Amino acid sequence: MQGCKTSSSFAKTFAALKTSPIGIFDSGIGGLTLAHAVKNLLPNESIVYFGDTAHLPYGEKSTAAIQAYTVKIIDVLLQHQCKVILIACYSASTAAYELAAAYTASKAKVISMIEPVVNFLGTTYKQKSVGLIGTRQTINSGVFDQKIKALQQRIDMKFLATPLLVNMIEEGFFNNNISHSIIEQYLSNPALQGIEALILGCTHFPLIRKEIDAYYQQRQLQVQTIDASLLVATHLQNYLQTNDLLQLPTTTPTYKFLVSDYTKSFEASTTLFFGQQVALEQFKLWE
Ligand code: DGL
């Protein structure tokens, strides 16, 4: 694999330190919802965020393409000496987690969206019926299905690809008639009937959580929506605590937001996902 040479040189220089930043990446700026959860839970940690805005949406890309982008982004995050790399994208988690973990090896810990969600279901939703919505990549990969089946907890999983929701949110269509009607079309799909919980399996979806909750409340259906941001941030916190890698409270954290393709509209949209506007810096993956 091209790039392996580059990364083996990191092995000689890289040692995880308390002061090293947390690397977080996503196909674009949707993963800022997870970065925001990390910042809230771990306010002393520095963050380097990479949004691959040149290649989004990952949800419609091939597994091989997502894997190639992931390796490039990991190189960038390792150059920034990240102690942990958080894959803040369900599509990239399902397409490239194992490759990312093998490629990164001992140079940094890789955490994806998969393990925290699967562990949570195994402890909280045994013998229950749970839905998961996400991109085509996330659903068609079958990764969540395999991992949840491997728990042997008789969780009845129901999956539905909801690709329109990402574009809808990026276009700013939420809390309006258009979003209500698209959400209703998807959630009333027979594939999702009878569920007791719904996993929002895409980092864009926390932005429409209230609308999804309202859909179920209006129909008097008891469906718990699960935004995994806090689960993943807590998983990260546990890892840092166990490995004595938590940043000391005496240091001031730094934040860096890199994107592979800069536009003003991406920067303006950071407010939606991160709760405040942040300055994006362009960092090309390929020259
Ligand atoms: N961030 C992606 C995810 O969580 C959704 C957007 C995309 O398709 O790139 O799956």
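The values are calculated or read from the model by the stated rules, or taken from the named source; none is laboratory data. The structure displayed is predicted, hence computed values, not measured ones. Positions of Cβ are backbone-derived with ideal geometry, glycine not excepted, and every protein chain shown enters the neighbour counts.
Number of residues in segment 222-246 that are within 23 Å of residue 201 (Cα to Cα), touching a Leu at 6+ places or on another chain (Cβ under 8 Å), outside any loop (DSSP other than H, G, I, E, B) and not β-branched (Val, Ile, Thr): the value is 7. Counting only residues that are of a type in the set (D, E, K, R) and loosely packed, with under 13 Cβ neighbours inside 10 Å, segment 164-182 holds 1 of them. Please specify each residue of segment 247-286 satisfying the condition of being in a helix (DSSP H, G or I) and without any contact (Cβ under 8 Å) to a residue 24 or more places away in the chain. Scanning segment 247-286 gives 264, 265, 267, 268, 271.
Scanning segment 233-246 for residues that are within 12 Å of residue 41 (Cβ to Cβ) and in contact (Cβ under 8 Å) with a residue 12 or more places away in the chain gives 233, 234, 235, 236, 237, 240, 246. Among residues of segment 137-163 that are within 14 Å of residue 198 (Cβ to Cβ) and assigned to a loop (DSSP other than H, G, I, E, B), those with a Cβ under 6 angstrom from a residue that is within 16 Å of the ligand (Cβ to nearest atom) and of a type outside the set (Ser, Thr, Tyr), sequence gap 6+ or separate chain, pair up as 162/133. Taking residue 225 as the residue in question, decide whether it is touching an Asp or Glu at 6+ places or on another chain (Cβ under 9 Å) and free of Cβ contacts under 8 Å to residues at least 40 places away in the same chain. It is true that residue 225 is touching an Asp or Glu at 6+ places or on another chain (Cβ under 9 Å) and free of Cβ contacts under 8 Å to residues at least 40 places away in the same chain. Restricting the first member to segment 20-32 and to residues that are farther than 15 Å from residue 281 by Cβ, and the second to residues that are more than 16 Å from the ligand (Cβ to nearest atom) and among the basic types (Lys, Arg), the beta-carbon pairs closer than 8 Å and six or more apart or on different chains are 20/83; 22/83.
The single residue among 85, 114 that is within 17 Å of the chain's Cα centre (by Cα), over 22 Å from residue 187 (Cβ atoms) and either modelled with pLDDT under 95 or surrounded by 24 or more Cβ atoms within 10 Å (Cβ to Cβ) (or both) turns out to be 85. Scanning segment 177-205 for residues that are within 18 Å of residue 269 (Cα to Cα) and away from the ligand (no atom under 16 Å from the Cβ) yields a total of 1. Kindly indicate whether any position in segment 194-210 is part of a helix (DSSP H, G or I), of a type in the set (Ser, Thr, Tyr) and within 21 Å of residue 92 (Cβ to Cβ). No: zero hits.
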